[in-house]
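The structure appears right after this line, and notes come after that.
The values are calculated or read from the model by the stated rules, or taken from the named source; none is laboratory data. All values derive from a computational prediction rather than experimental measurement. Cβ atoms come from the backbone with ideal geometry, glycine included; neighbour counts cover every protein chain shown. For accessibility, only protein heavy atoms count, side chains too; no ligands or nucleic acids. Shrake-Rupley method; radii C 1.70, N 1.55, O 1.52, S 1.80 Å.
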Amino acid sequence: MTDRIEVAATELRPLLEEFILWARVNAPDSDPELVGPAALWHRLAFSQDLGTWKRADLRNLLLDRMPKVVDDPDAAADGMLPAVDAYLTFLSETGRLTTGSDSLDDLRAELDDVEEPFVELMEDLIDDLEGDEDDEEAGDLGDLEPFAEALAALPTIRLRPDTELAAAAREVPLIAQARDLALWVGSGRRMGDDTLLSDAEIEEALAAVGLPRPDTQGPLAEVVPQLWNVWNLAVDLEFLEPGEGNTVAVQDDTSEWPFDDDEDVLDAWMLGLHSVDYGDPEPADDDLAMALAGLTRNLLVRLLLAGGSRELPELREELARAVADNDELGGDAWEATGDPLAPVLDWLTGYGMVEVDGDTVRLTPLGTEGVVHLVDDSDIEVDARPAIETMSAHELLVLSAELPEEEADAELAAWMRLREPVTAAQELLEAAAEDEADALIRVQAASVVGSLGAAAVPAWQAALKQPSLRPYAATHLSQLEVEDAPQPTQDDTYWLILDMWTISAGLGRAEFVGSLRDIDPEMLNELLEVIWKIPHAHVEELLDRISQVHPDKQVAKAARRALFKARSATP
């Protein structure tokens, strides 16, 4: 289905972009953005032809399909029907409403007929969403939203490099236990009907992972929560996978943990990150257990807000109050568990996220990385960046592209202070050459290196060998009056223009159109006659976009001709 959606969206995009331009003049009170989902699902569910619209299809689209897929029912209730009315009018006036369609008058009559039930459906969705929000407000302790404002106000969090984090992850005891358990399970162990493992198997499994056998007269399965947590972690880590006929089997590469490749190690550790929930206390009473659900995440975020370290007595009192405030059974649950933080800290220590030193508990670098990911998973903003001293040139350029100008300048300055100008220039230009399609990184690197003056000459000379950087290198070497340096060519100038267009296109439609309007139409036409020949990664995409959005029909036509030539020349 995803492929069908992508194909249909690509097919619709030029038509919708033209409609947006038309609506500005002919239907300024409508919201063209609301048409996209309706047009897309009309194409997917009701008609292969974008211009064929029937009354029955329109009714089914609005009353059956849209309530299932609409993102903002409030906006849809107010504006979708007027927007669809404008879109159908656009199709009719531009000759795109096919002869097989119902008439525009009939389609408008259908819109009038479905207006009341459509609005009612949207209002029902709004009520459902408000109910969901109420449920979220009554969430467990693991809900990080109440901390969002405080997290956003935190000073920049500096993350350690992957090599350091991977080294720490390789030493995580719980992952080793999960590996050992999975290897014990073997290639096809049958699970029991009542419990996963028999008592005899549980004893073997406990020995395999180094856990003690509980002293009990009853079934072992009921008194080994830590074993089941390690079992679940093995599943999370993809060390174990279900097999056929109620069996479970070890994955082939499990025995290779800890892996040699740092990226593989961190990917595995991240797979198990949500196992932090296994640290929550588990009293026998389900209601009491629910009152303590999310305690581990709550502790983690409080550590992050405190700069990574807290004194345990104070933290314990704070969490006890939070549990009591969050659930009417919270106080009882806290008392019934004895020491609710014991399983929390045991699991987090075992997963390499915290360390306890006397009465102090602190996040490890791996723990800070993990909490930042958990916060990000909750769609909460937090300013986390690599440590300056470990940041690669490519990481610096990517980060700078996302920051306000003053912050980006500060990051660049701090990074540059740690390097000789010659070395900095070399690293930045090598980073810019990594991806020929990334114009923004290239322009940023060239701008910074250009500020280094003569110290950057060796790096510029090396960059002449890179097609994507040659235009910048030739330009700067010429400006520095370096002897025997090649002069920038006309093709170099065209490349620089294509880079600028790529960046403005990435900023949005308005910025892209604005950058084109800065060029005289006659001059732009002349440029389009030749620029299609440049082997730039985005030349076809840019020509296609110019043909769709430029308000001057002659320019749009010239862009279509250029696009045809570029595509014809592509091997």
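Using Cα pairs under 8 angstrom and six or more residues apart, how large is the relative contact order of the chain, in percent?
Values: 658 pairs, mean separation 61.2, N = 571.
Relative contact order for the chain comes out at 11 percent.
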Residue-wise HN-Hα coupling along the stretch 160-167, computed from phi with Karplus coefficients 6.51, -1.76, 1.60 (Hz; x: Gly, Pro):
7, x, 4, 4, 5, 5, 5, 4
Using a 1.4 Å probe on heavy atoms of the protein chains only, the accessible area for R158 in Å², nearest 10, reads 90
Starting from the 7 Å offset along Cα-to-Cβ, what nm value, one decimal, do you get for the label separation of Q48 and T99?
1.9
Using the Cα centre of the chain as origin and beta-carbon charges of +1 (Lys, Arg) and -1 (Asp, Glu), tell me which of F118, G514, L288 is placed farthest towards the positive end of the dipole.
G514
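Quickly estimate the mean residue ellipticity at 222 nm for the chain, helices only: each DSSP H run with n ≥ 4 gives -39500 (n - 2.57), and the total goes over all residues, rounded to 500.
On the way: 29 runs with 352 residues, N = 571.
Per the formula, -19000 deg cm²/dmol.
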Among A342, A208, S187, whose Cα projects farthest towards the positive end of the dipole of the chain, with charges put on the beta-carbon of Lys, Arg (+1) and Asp, Glu (-1)?
S187
Dipole size in debye (nearest 20) for the stretch 268-423 around its Cα centre, Lys and Arg Cβ +1, Asp and Glu Cβ -1?
640
When the dipole is taken about the Cα centre of the stretch 1-87, and only Lys, Arg (+1) and Asp, Glu (-1) are charged at their Cβ, what size is it in debye, to the nearest 20?
400
Rounded to the nearest 10 Å², what accessible area does E120 show when all protein chains are kept and the probe is 1.4 Å?
90
Size of the dipole of the chain about the Cα centre, Lys and Arg at +1 and Asp and Glu at -1 on the beta carbon, nothing else charged, in debye to 20?
3360
Farthest toward the dipole's positive end in the stretch 249-305, which of A268, S255, G279, given Cβ charges of +1 (Lys, Arg) and -1 (Asp, Glu) about the Cα centre?
G279
Of T502, T10, T423, which has the most accessible area and how do the rest follow, probe 1.4 Å?
T10, T423, T502
Give me the number: length gained by fully extending E145 to E420, i.e. 0.36 nm times residue separation minus the C-alpha to C-alpha distance, one decimal in nm.
94.6 nm
Add +1 for every Lys or Arg and -1 for every Asp or Glu among the other residues with Cβ under 12 Å from the Cβ of L477, and state the total.
-3
Write down the accessible area per residue of the stretch 197-270 in Å², having rolled a 1.4 Å probe over the full set of protein chains.
53
How much of the accessible area of the chain, probe 1.4 Å, is carbon plus sulfur, in whole percent?
48
Would you pull out the residues with amide H under 5 Å of L240's amide H, same chain only if 5 or more places away, H placed 1.01 Å from N?
V235, Q251
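Just flag the GluC sites (Glu not before Pro) in the stretch 283-334 sitting in loop per DSSP whose Cβ has no more than 12 other Cβ atoms within 10 Å. Each step should come with its number before you reach the end.
On the way: sites: E311, E314, E317, E318, E328; in loops: E328.
Loop-located and lightly packed - E328.
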Please work out the average accessible area per residue across the stretch 323-379, using the 1.4 Å probe convention, and give it in Å².
44
In nanometres, the difference between 0.36 nm per residue of separation and the alpha-carbon distance of S309 and D127 is 61.3 nm
Expressed in whole Å with the largest first, what are the equivalent ellipsoid semi-axes of the chain derived from the C-alpha gyration tensor as the square root of 5 times each eigenvalue?
52, 38, 23
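Under a 1.4 angstrom probe, counting protein chains only, how are S447, S198 ranked by accessible area, largest first? Don't skip to the answer; put the middle values down first.
Values: S447 80, S198 55 Å².
Correct descending sequence by accessible area is S447, S198.
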Among the listed pairs K533/K553; K465/K533; K68/K553, which have their C-alpha atoms separated by more than 30 angstrom in this model?
K68/K553
